[in-house]
Amino acid sequence: MHINIQSAISLKKYNTFGIEEIATNFIEITDPIQLLSAFEAGIFEKDFLTLGGGSNILFTKPYQGYIIKINIKGIQATTLKQDIFITASAGEIWNDLVWYCINNNYNGLENMALIPGTVGASPVQNIGAYGNRTHEYLLQLRSF
């Protein structure tokens, strides 16, 4: 699958501060195959920044490398005996995952509602609130 490398893209809508800066090279990943294509193209061997929801970054100058915006979507639940396993793609908004769980009576994440960011960033940031932390609910992480 082809990856679309855009040039001179405004980062204003990609950060919660709304700072107007420019990405020299910008790639939006909406499908896991695009991610694989980016690896095969050697993008991850160059200077790059993976961007989630933009809530923990402050752009103060143009970014000269590649900004890779992970925007792969999808949430699904699987039941195995008494256990429920939720699979969520990296580009999902964290709060949307929490509300998906709340609306389906899957308890555990409700204390972490309204925390900004994406599902893909949550393990790195170890999102937490009121004594709960993301790592307590993770079973597996995978890149595709």
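Just so it is clear, none of the values below were taken in a lab; they were calculated from the coordinates. Remember, predicted model here, so these are calculated numbers, not experimental data. Using ideal geometry, Cβ is built from the backbone for each residue, glycine included, and neighbour counts are taken over all protein chains shown.
Remarks
- Cα Rg over Rh - region 5-70, Kirkwood: 0.96
- Rotationally averaged projected area of the chain (alpha carbon convex hull; nm²): 9.5 nm²
- Computed over neighbours whose Cβ is under 11 Å from that of Leu11, the net charge equals +2, Lys and Arg +1, Asp and Glu -1.
- Centre separation in Å (Cα based) which lies between region 5-76 and region 102-135: 23 Å
- Cα gyration tensor shape for region 75-136, rounded if a/c is under 1.5, else prolate or oblate: prolate
- Think of each Lys and Arg Cβ as +1 and each Asp and Glu Cβ as -1; about the Cα centre, that makes the dipole of the chain roughly 80 debye.
- Our estimate of slack between Gln76 and Asn132, defined as 0.36 nm per intervening residue step minus the Cα-Cα distance, is 18.0 nm.
- The chain - mean residue ellipticity at 222 nm from DSSP helices (-39,500 (n - 2.57) per run, n ≥ 4, rounded to 500): -4000 deg cm²/dmol
- Sites Thr87 and Lys61 - FRET efficiency at Förster radius 30 Å, r taken between beta-carbons, to 0.05: 0.20
- Axis angle, to the nearest 10 degrees, between helix 94-103 and the longest C-alpha principal axis of the chain: 20 degrees.
- Considering only Gly131, Gly117, Gly91, the Gaussian network model of the chain with Cα springs below 10 Å gives its largest mean-square fluctuation to Gly131.
- Summarising the label geometry, the points placed 7 Å from Cα in the beta-carbon direction at Gln6 and Leu36 lie 2.5 nm from one another.
- Zone residues, region 59-102, relative to Phe17, backbone N less than 19 Å from point 7 Å out along Cα-to-Cβ: 59-69
- Candidate lysines - alpha carbon under 26 Å from Lys69, same-chain residues fewer than 8 apart omitted: Lys12, Lys13, Lys46, Lys61
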